Ligand SMILES: [Ca+2]
Ligand SMILES: [Ca+2]
Ligand SMILES: [Ca+2]
Ligand SMILES: [Ca+2]
């Protein structure tokens, strides 16, 4: 198999070279990056999946964009 991208160094062996791997230490061949900050979801400490600007770690509703964090209940 051939390692994609620029470098043959591939620490996590997910076939994406460290230089272009958005998560060089964690296997994530899909390179998912919900908030597009160039850090892969699997190793992004401040991921923001719904893109409302509130990090998942503090977002009271990480899968729904609610930048004002109002808890309206259902
Ligand atoms: Ca890699
Ligand atoms: Ca990786
Ligand atoms: Ca990210
Ligand atoms: Ca969020």
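The values are calculated or read from the model by the stated rules, or taken from the named source; none is laboratory data. Keep in mind the model is a prediction, meaning the values are calculated, not measured. Because the Cβ atoms are built from the backbone with ideal geometry, glycine has one as well, and the counts that use them run over all protein chains shown.
For region 25-43, filtering for residues that are out of contact with any helix residue (DSSP H, G or I) (no Cβ under 7 Å at 6 or more places or on another chain) and closer than 17 Å to residue 10 by Cα leaves 8.
Number of residues in region 35-57 that are in a loop (DSSP other than H, G, I, E, B), surrounded by fewer than 17 Cβ atoms within 10 Å (Cβ to Cβ) and either more than 16 Å from ligand 4 (Cβ to nearest atom) or under 8 Å from the mean Cα position of the chain (by Cα) (or both): the value is 4. Restricting the first member to region 28-41 and to residues that are at positive phi and in contact (Cβ under 8 Å) with a residue 12 or more places away in the chain, and the second to residues that are assigned to a loop (DSSP other than H, G, I, E, B) and within 14 Å of ligand 1 (Cβ to nearest atom), the beta-carbon pairs closer than 7 Å and six or more apart or on different chains are 31/22; 31/40; 38/22.
On inspection, residue 28 fails the criterion of being at pLDDT 90 or above, surrounded by 15 or more Cβ atoms within 10 Å (Cβ to Cβ) and away from ligand 1 (no atom under 15 Å from the Cβ).
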